[in-house]
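Colleague: First, the structure itself, so that you have it in front of you.
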Amino acid sequence: MLEVKNLKVQIDTAEGIVQAVDRVSFRVEAGQTLGIVGESGSGKSVLAHSIIQLNPKPATIYPEGEIIFEGKNLLELREKALRKIRGNEIAMVFQDPMSSLNPVFKIGSQLIEAIITNQKMSKKQAKARAIELLRDVGIPDPKRRMQDYPHQLSGGMRQRVLIAIALAGNPKLLIADEPTTALDVTIQAQILELLRKVQKKYKMAIILISHDLGVISQIADNVLVMYSGRIVEDGSVNDIFYRTTMPYTWSLLRSLPRLDGQRHERLINIEGQPPNLISPPKGCNFHPRCPFATDKCLKIDPELTYRSKGHSAACILSEQEFMDGKERIEATEKERGALTYDRTTA
Amino acid sequence: MFKKKRNLIAVGILLLFAIATISASWWLPVSPSLIDASRRLLGPSVDHWFGTDHFGRDIFGQTIVAARVSLVVGFTVAVIATLLGTITGLIAGYYKKADFIIMRVIDGMLAFPSLLLALALVAVLGGNITNIIVALSFSFWPVMTRIVRSAVLQIKPLQYIEAAKTTGVSDPVILSHYVLPNILSPIIVQGTFIFAKAILAEAALSFLGIGVEPSIATWGNMLQEAQIYISIAPWFSIFPGIAIIITVLALNMIGEGLRDALDPHTTGKAAKEKQAVKKIVNAA
């Protein structure tokens, strides 16, 4: 349904041209959920905004690649045709529900407006549809809630309203850009559950962008791991979470704090900063921070290579080399960990 | 806004002026344009509350009738300047390319003091009410454009604008439904201040003798005629002067009242201060 081929996105800034998305390819099929994970600045939001062409206009350049949605290349469409696709075919939910609603209108009228923009309907029909949508997203007493202003709703409620607005045009693809980041954990779970429910009802594909691996693992079928504008690993949820042989993904998974860990255990982080995308490092972009890095990584810029069916990763390490390296790192880490632990208990 | 007595009084004064001047021909005992050479330059009395002028005309009546021109000019200028300024400000704030062109023009116009600009325009166009309205609107709208543009720039990056775009809303609808309603309060407040400034500017132009035709009674024209007699008939200049002061003061008070009422920060602050004072009083 959506196929992105070899997409490059550059942003022209005062400091120079930023290679925000670099040679990215993936596909999403109807009813599927694709998760995109990565650190801040890894290009995941720019990628999502590229799909509906909402990056700041003159500054963003698409030098290469195609975004094929239902047979049309979105990069070649004019603004008017794009507007028809936005909302009707592709909708988006944003990170911050607090600021995503127009503060001066009642949520009912905002919802009705979204419905009328996308479908030919009388005001009365639109109102009935709006109430139905609010019920679909689990808002109790929707008729009364229509009369509320955004500030009268809690964050979770507002996110539900935003999902309802996104659903107003019966989209085939929903892009959710960090939809749960601004919400607390219990609400997060509810919103994810809601996304899953409406996905089934409306038979949509979902692209879920998050830096939260937990969120991705709960809802995604396939996962893209992004680093410095590139896809570094692409596979099913199980491939990524249990069978990764990619040092970046592995470091990312390891940096999750565990509820069942030791109280004084040191949290593991990835040393260093994401690379400067105006002048990226030579060789592999991740090598300055990679605990596995060898001299070869300085020279070779790895391409995505096939690992198993539907699973590919961009790293020159073989599976054996990765396993050996992992053992070595965990052993030294354990030693250091034991030392700190002794010190705190003593 | 009406909770404060001050604001209520200001609105009351303005309404009183407006009603008095509209209905003047029905209730004024003497026609304000009646010339009576035997009653020249008389001081305030029971017959002539504000005295008479050098033609023996009743100054009270003249002051009331003159409000008509002042209020009409002020209001029309405020409306035109606000409309022009809002449209150009919205465009300049929203479209980057248009911004450059519009703002350079505006900067050029702001380089002149607005009264000087109006003076030059009236000198070219000729002094009558229509030209004064044109000239004053033209010299007051740049300020409005700047204010609207800066408000738009604050709203534009907010997520609800982007969210609206993702639902397929077109630019004109975004500007009218999402941007404009959220910046309405500075526009209204500034519009009120332009109203006050325009009344003052019209009086100044008339006083300088290039404003409204001398045959029409305006506060500025009255002051211009009165200046020669200021030592022998001070009431001739004092009363129209007071009328200007009261009107402008009332409008400024309304403007400030609106600003306080429409700006959530100031209302919040004022309310908090009140609460704090109450607490101290209760404790004592």
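Colleague: Springs between alpha-carbon atoms under 10 Å, Gaussian network over chain B: tell me which of B:68, B:149, B:104 tops the mean-square fluctuations.
Modeller: B:104
Colleague: With point charges of +1 on the Cβ of Lys and Arg and -1 on the Cβ of Asp and Glu, referenced to the Cα centre of the range B:48-189, which listed residue (B:61, B:118, B:166) lies farthest in the positive direction of the dipole?
Modeller: So the residue we want is B:166.
Colleague: Of A:57/A:123; A:44/A:326; A:201/B:156, which sit over 30 Å apart, Cα to Cα?
Modeller: A:57/A:123; A:201/B:156
Colleague: For the residues A:211, A:151, A:49, what sequence is obtained by ranking on other C-beta atoms within 10 Å, fewest first?
Modeller: A:151, A:211, A:49
Colleague: Now for a different question. Apply the Karplus curve 6.51 cos²θ - 1.76 cosθ + 1.60, θ = phi - 60°, to the phi angles in the range B:98-107 and return the couplings in whole Hz, x for Gly and Pro.
Modeller: In residue order, the calculated couplings are 5, 3, 4, 5, 4, 5, 5, 4, 4, 4 Hz.
Colleague: What size of dipole, in debye to the nearest 20, comes out for the protein assembly as shown about its Cα centre when the only charges are +1 on Lys and Arg C-beta atoms and -1 on Asp and Glu C-beta atoms? Spell out each step's value before the answer.
Modeller: Numbers: 69 positive and 56 negative charges, 307 e Å.
Approximately 1480 debye in magnitude.
Colleague: Here's a follow-up. So, counting K/R as plus one and D/E as minus one, what does the shell of residues with Cβ under 15 Å around residue A:306 add up to? Could the numbers behind the result be given before it?
Modeller: Details: positive: A:243, A:307, A:309; negative: A:233, A:234, A:239, A:303, A:319.
With Lys, Arg at +1 and Asp, Glu at -1, the neighbours total -2.
Colleague: Below 13 Å, Cα to Cα, which aspartates and glutamates can residue A:200 reach? Residues fewer than 8 away in the same chain don't count.
Modeller: List returned: A:136.
Colleague: Is there a quick way to get the dipole size of the range B:32-80? I mean about its Cα centre, with the Cβ of Lys and Arg at +1 and of Asp and Glu at -1; what is the value in debye to the nearest 20? Display every interim value, and only then the final one.
Modeller: Numbers: 4 positive and 4 negative charges, 18 e Å.
Charge dipole of the range B:32-80: 80 debye, to the nearest 20.
Colleague: Would you calculate a helix-derived [θ] at 222 nm for chain A, using -39,500 (n - 2.57) for each DSSP H run of n ≥ 4 and dividing by the full residue count, to the nearest 500?
Modeller: The helix contribution divided over chain A gives -11500 deg cm²/dmol.
Colleague: Using a cut-off of 12 Å between beta-carbons, work out the net charge of the residues near residue A:33 (Lys and Arg +1, Asp and Glu -1, residue A:33 not included).
Modeller: 0
Colleague: Can you sort A:305, A:117 so the residue with the fewest Cβ neighbours within 10 Å comes first? Don't jump to the answer; show the numbers that get you there.
Modeller: Numbers: A:305 10, A:117 20.
The order, fewest Cβ neighbours first, is A:305, A:117.
Colleague: Let me ask something additional. Under 19 Å Cα to Cα from residue A:124, which lysines show up? Leave out anything in the same chain fewer than 8 places away.
Modeller: A:106, A:143
Colleague: Oh, and also: Tell me which of A:4, A:290, A:174 sits at the most positive position along the dipole axis of chain A, charges placed on C-beta atoms (Lys, Arg +1; Asp, Glu -1).
Modeller: A:174
Colleague: Most mobile of B:163, B:66, B:24 per a Gaussian network model of chain B (Cα springs, under 10 Å)?
Modeller: The residue with the greatest mean-square fluctuation here is B:163.
Colleague: Near residue B:165, which aspartates and glutamates are there with a Cα under 12 Å away, not counting those fewer than 8 places off in the same chain?
Modeller: Candidates past the 8-residue exclusion: A:79.
Colleague: For the range B:167-211 and the range B:19-67, what is the centre-to-centre distance using only Cα atoms, to the nearest Å?
Modeller: Comparing the Cα centres of the range B:167-211 and the range B:19-67, I get a distance of 35 Å.
Colleague: Moving on. In chain A, with Lys and Arg counted as +1 and Asp and Glu as -1 at Cβ, which of these residues, A:46, A:210, A:99, has the Cα nearest the positive end of the dipole, that is, farthest along it?
Modeller: A:99
Colleague: Apply the Karplus curve 6.51 cos²θ - 1.76 cosθ + 1.60, θ = phi - 60°, to the phi angles in the range A:206-212 and return the couplings in whole Hz, x for Gly and Pro.
Modeller: Here the 3J(HN,Hα) series is 10, 10, 10, 9, 7, 9, 9 Hz.
Colleague: Simple spin-label model, 7 Å along Cα-to-Cβ: residue A:282 to residue A:319 in nm?
Modeller: 3.3 nm
Colleague: Neighbouring Cβ atoms within 10 Å as the yardstick, rank B:219, B:49 fewest first.
Modeller: Fewest-to-most Cβ neighbours within 10 Å comes out as B:49, B:219.
Colleague: Another one. For chain A, what is the charge dipole size about the Cα centre, in debye to the nearest 20, if Lys and Arg each add +1 at the Cβ and Asp and Glu each add -1 at the Cβ?
Modeller: It works out to roughly 1660 debye.
Colleague: Still on this model: Grab the other residues whose beta carbon is less than 13 angstrom from that of residue A:251, score K and R as +1, D and E as -1, and report the net.
Modeller: -2
Colleague: Next question. On average, how many beta carbons from a partner chain sit within 10 Å of the beta carbon of a residue in A:100-112?
Modeller: Averaged over the peptide's residues, the number is 4.
Colleague: Compute the acute angle (0 to 90°) between the alpha-carbon long axis of helix A:107-118 and the principal axis of greatest extent of the alpha-carbon atoms of chain A; round to the nearest 10°.
Modeller: Roughly 90 degrees between the two axes.
Values quoted throughout were computed directly from the atomic coordinates according to the rules given, and no laboratory measurement underlies them. Model, not experiment: these values are computed from the prediction. Glycine gets a Cβ as well: all are built from the backbone with ideal geometry, and neighbour counts include every protein chain shown.
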